[in-house]
1. Could you tell me whether region 5-193 comes out rounded, prolate or oblate from its Cα gyration tensor? Rule is a ≥ b ≥ c as square roots of the eigenvalues, rounded for a/c under 1.5, then prolate if a/b exceeds b/c, otherwise oblate.
2. Between residue 33 and residue 192, what length comes free when the chain is fully extended (0.36 nm per residue of separation minus the Cα-Cα distance, one decimal in nm)?
3. For residue 99, what is the net charge nearby, where nearby means another residue's Cβ is under 10 Å from its Cβ and Lys, Arg count +1, Asp, Glu -1?
4. Highest GNM mean-square fluctuation, the chain, Cα pairs closer than 10 Å: which of 160, 37, 145?
5. Write out the trypsin sites (Lys or Arg not before Pro) in region 1-45 meeting two conditions: DSSP loop, and at most 13 other Cβ atoms within 10 Å of their Cβ.
6. Using a Gaussian network model on the chain with a 10 Å cutoff between Cα atoms, which of 98, 60, 142 fluctuates the most?
7. Sum -39500 (n - 2.57) across every DSSP H segment of at least 4 residues in the chain, then divide by the residue count to get the 222 nm mean residue ellipticity, nearest 500.
8. 7 Å from Cα along Cα→Cβ at both residue 128 and residue 146: what's the point-to-point distance in nm?
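Coordinate-derived values only; no laboratory data. Keep in mind that what you see is a predicted model, and the values were worked out from it rather than measured. A quick note on method: Cβ atoms are made from the backbone with ideal geometry, for glycine too, and the neighbour counts reach across all protein chains shown.
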Amino acid sequence: MKNPLVLGVLGSGKGSNFRAIMERIRAGRLNAQVSLVISDVPEAGILAAAHEFRVPALYVPPGRFRTKLEPEIEAVVVQRLQGAGVELVVLAGFMRLVKAPLLRAFPRRIINVHPSLLPKYPGLEAWKQALAAGETLAGCTVHYVDEGMDTGEIIAQRQVPVLPGDTPGSLHARIQAAEHGLLPDVIAGLAAER
């Protein structure tokens, strides 16, 4: 494939969305390459997954804030992403808000996957919010990242039914399975549009 879209993936968790992207690339069904994985959690599974796929990976200490990176640290993240030739930044379970350094460096080139049908249920544990509200439909959204929490322009969504007897765990597992299809699909679309 010519000119793969160069991705940088930021994540704080086990890395299942990163794995879904890599499997699609390996299968020849996604014209992209991941040049760098960054995590704010030293023992995050995404770092182990990056190692497994032989993708360069970096841990960045988040600093003193709970919801965002320190500005100096975010500036280092920008330098590393730019140094790795990243064209699109993918937030895949990254549990911090992105601020000015990244937003300015990658305008409309940062996407996030969120486990709800935005604008409903932004923020943490959206599947629990959907269950508590008695929703019959949940799902996931891929959107452009802006200054707000899960407020950027929506690119695509996938619905997941809420089944009778669903627990937070069972609903979350089905939403994650939908994310693993939707996120690579969106990246493929953006790669094709370039």
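1. Verdict is prolate for region 5-193.
2. Result: 55.9 nm gained on full extension.
3. It works out to a net charge of 0.
4. Looking only at 160, 37, 145, the biggest GNM fluctuation is shown by 160.
5. Answer in residue order: 2, 29.
6. 60
7. It lands at -11500 deg cm²/dmol.
8. Label-label distance for residue 128 and residue 146, simple model: 2.8 nm.
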